[in-house]
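First the structure, in the form of structure tokens, and then the observations on it.
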Amino acid sequence: MTKICCIGAGYVGGPTMAMIAYKCPNIDVHVVDINQARIDAWNSDVLPVYEPGLFEIVASRRGKNLKFSTCIDHAIREADIIFISVNTPTKTFGAGAGRAANLEFIERCARRIAEAAEGHKIVVEKSTLPVRTAEAVKRILSESSNGATFDVLSNPEFLAEGTAIEDLLDPDRVLIGGENPEAIEALVSVYAHWVDRSRILTTNLWSSELSKLTANAFLAQRVSSINAISALCEATEANVDEVAAAIGTDSRIGPKFLKASVGFGGSCFQKDILNLVYLCQHYGLHEVAEYWEQVVKMNDYQKSRFAQKMVKTMFNTVSGKRLAIWGFAFKKDTNDTRESAAIYVCRDLLRENAILNIYDPKVSDEQIRNDLRELMANGSGELSQLDRRLIDENIHVVESMQAAASGSHAVAVLTEWDEFKNADFERIYSQMQKPAFVFDGRNILDHKKLQQIGFEVHAIGKRV
Ligand code: UDX
Ligand code: ADP
């Protein structure tokens with residue numbers, strides 16, 4: 001029986017390992033983490049990660065061939081294949097701060113594997129890593145204290161949050177980079193339990209590492225491209241949804257990832273592009289670095305443009321005004337808020353002294369305040385007294401759309417949760433200050449109907 005260990009029980013490690021356990025009953029899967037609370041949550045009825053369909057899959061294999069624990073060394077020793085699936089945030093200090101990936105968690109894992117492992121192991125990089133990280137991982141592993149030997153593979157994850165289970169069940173492709181054909185085949189045979197071999201691509205290590213960064217850069221570039229056009233649409237009376245539909249029918253362009261929005265978020269896009277920028281600079285490719293950096297700058301522009309438009313529309317002041325914020329997660333169907341556009345928009349509105357009633361079906365009060373604290377403290381800096389007061393006193397996290405809108409001057413839709421489309425807008429309108437504004441940062445609402453009710457409606461990339 002093959003044994004798999006996964007170090008890191010996060011948004012990637014948890015769902016991916018649950019799917020392997022579900023599809024491969026003959027493989028023992030042990031997911032380990034240093035965070036006891038996270039492991040306890042994986043063993044409970046309220047998983048630390050919200051994903052449609054995830055709970056059912058975890059519940060069906062937990063206690064059979066799927067285990068969650070903090071026994072890291074034990075799991076390493078037992079495993080034939082060890083996935084590294086820890087976080088690789090952007091560095092906030094030292095050389096490359098704000099761009100390069102912080103690889104300290106990866107390095108710590110590699111050192112721990114080197115210390116605990118015996119015999120031969122296949123080590124798989126699952127986390128998104130800068131190209132050539134495998135070189136460092138291999139160096140560290142080669143210093144193993146017990147004379148263990150290793151093959152290192154790169155197997156980046158392409159699942160998107162909110163659709164993780166669908167993406168894992170039926171991936172466009174599985175990518176495996178490596179050097180030793182036997183090690184590659186061992187991992188291919190795991191995925192081949194449910195993925196057709198024609199969709200399992202094998203490459204050299206560096207192509208695999210770089211493909212992950214490139215895929216995310218291309219996807220983010222599409223969003224920034226359509227968002228750039230949305231600003232032009234607002235100035236010219238073109239309609240960005242119509243433009244997207246028109247260009248998307250060109251089979252060379254395709255219809256996906258052309259939805260104009262308040263800006264992209266998530267743990268990958270910005271981080272990976274900045275990483276790419278840093279790598280290009282490292283190799284002296286300054287024009288290439290500038291080209292990709294523009295994708296992130298356009299996203300920053302889109303987020304601040306949205307907040308500024310709200311202020312300008314509401315007679316150039318939101319000071320003391322109550323505003324309803326619908327949605328805080330970076331996209332629907334996830335409780336993840338990393339790099340969510342909502343954090344930036346809320347920061348800008350708070351600094352205009354607005355009072356924010358925030359509602360998100362899956363994000364907690366604590367998470368919202370933490371995200372704002374972190375952003376307003378600007379990375380590692382201290383939070384100013386004024387910002388602390390704004391976060392403590394001007395934010396109210398509420399339990400429903402209705403509660404957020406009641407007494408507010410405006411509703412701002414920042415995440416495209418389905419329930420927002422079915423809100424009782426007649427009732428909401430009757431409880432709001434007048435004029436009542438709606439700022440649809442996701443273009444999901446029925447704008448004509450809202451206007452008939454009496455709202456003044458603003459959307460992305462079109463005049464309503
Ligand atoms: C992304 C990649 O899609 C995935 O393959 C990779 O493994 C990790 O990064 P994820 O961050 O989970 O996945 O979400 P994704 O669906 O790509 O959306 C990212 C952001 O772009 C979200 O904030 C989303 O709202 C925004 N977006 C996406 C748009 O604004 N418009 C679009 O058309 C598509
Ligand atoms: P991702 O979205 O990439 O899955 P997360 O932050 O959700 O990222 O998950 C990464 C997980 O890795 C966290 O639960 C964290 O506690 C865990 N982790 C980080 N470093 C280590 C380590 N050295 N050993 C074990 N687990 C680790």
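The values are calculated or read from the model by the stated rules, or taken from the named source; none is laboratory data. Because the structure is a prediction, the values reported are computed rather than measured. Here the Cβ positions follow ideal geometry from the backbone for every residue, glycine too, while neighbour counts run over all protein chains shown. Surface accessibility is based on the protein's heavy atoms, side chains included, excluding ligands, DNA and RNA. Shrake-Rupley method; radii C 1.70, N 1.55, O 1.52, S 1.80 Å.
Extension gain, Cys71 to Arg108: 0.36 nm times the residue separation minus the Cα-Cα distance gives 11.8 nm. Taking 17 Å as the straight-line reach from the Cα of Lys3, the lysines in range (excluding those fewer than 8 positions away in the same chain) are Lys23, Lys64, Lys67, Lys121, Lys126. Applying the Karplus relation 6.51 cos²θ - 1.76 cosθ + 1.60 with θ = phi - 60° to the stretch 144-160 yields 3J(HN,Hα) values of 3, 6, 9, x, 5, 10, 9, 10, 10, 10, 10, 9, x, 9, 10, 5, 9 Hz, where x marks Gly and Pro.
Under the convention that each Lys and Arg Cβ holds +1 and each Asp and Glu Cβ holds -1, the size of the dipole of the chain around its Cα centre is about 700 debye. Beta bridges from DSSP with both residues in the chain: antiparallel share about 5 percent, rounded to the nearest 5. For the chain, adding -39500 (n - 2.57) for each run of n ≥ 4 DSSP H residues and dividing by the number of residues yields -13500 deg cm²/dmol at 222 nm.
Compute the Cα gyration tensor for the stretch 72-177, then decide on rounded, prolate or oblate, letting a ≥ b ≥ c be the square roots of its eigenvalues: rounded whenever a/c is under 1.5, prolate when a/b is larger than b/c in the other cases, and oblate in all that remain. Cα axes put the stretch 72-177 in the oblate bin. If the chain linking Asp446 and Lys256 were pulled fully straight, counting 0.36 nm for each residue of separation and taking away their Cα-Cα distance, it would gain 66.3 nm. With contacts taken as Cα pairs under 8 Å at a separation of at least 6 residues, the stretch 18-149 carries a relative contact order of 22 percent. Rolling a 1.4 Å probe over the protein heavy atoms of the stretch 14-167, with every protein chain left in place, gives an accessible area that is 49 percent carbon and sulfur.
With r defined as the distance between the Cβ atoms of Asn353 and Ser400 and R0 fixed at 25 Å, what FRET efficiency is calculated, to the nearest 0.05? Efficiency, rounded to the nearest 0.05: 0.50. Bridging of Lys91 to lysines at a Cα separation below 16 Å is possible for Lys271, once same-chain residues fewer than 8 apart are set aside. Ranked from largest to smallest solvent-accessible area, with a 1.4 Å probe on the protein heavy atoms, Glu179, Glu456 come out as Glu179, Glu456. From most to least packed by mean Cβ count within 10 Å, the peptides 412-422, 247-257 give 412-422, 247-257. Projected onto their three principal axes, the Cα atoms of the chain cover extents of 72, 47, 45 Å, largest first. Using a probe of 1.4 angstrom and keeping all protein chains present, the accessible surface of the chain works out to 44 square angstrom per residue. Taking the accessible area of the stretch 214-300, probe 1.4 Å, and keeping the other protein chains in place, the carbon and sulfur fraction comes to 62%.
Is the shape of the stretch 106-255 rounded, prolate or oblate, going by the alpha carbon gyration tensor and its root eigenvalues a ≥ b ≥ c, with a/c under 1.5 for rounded and a/b larger than b/c for prolate? It comes out prolate by the Cα gyration axes.
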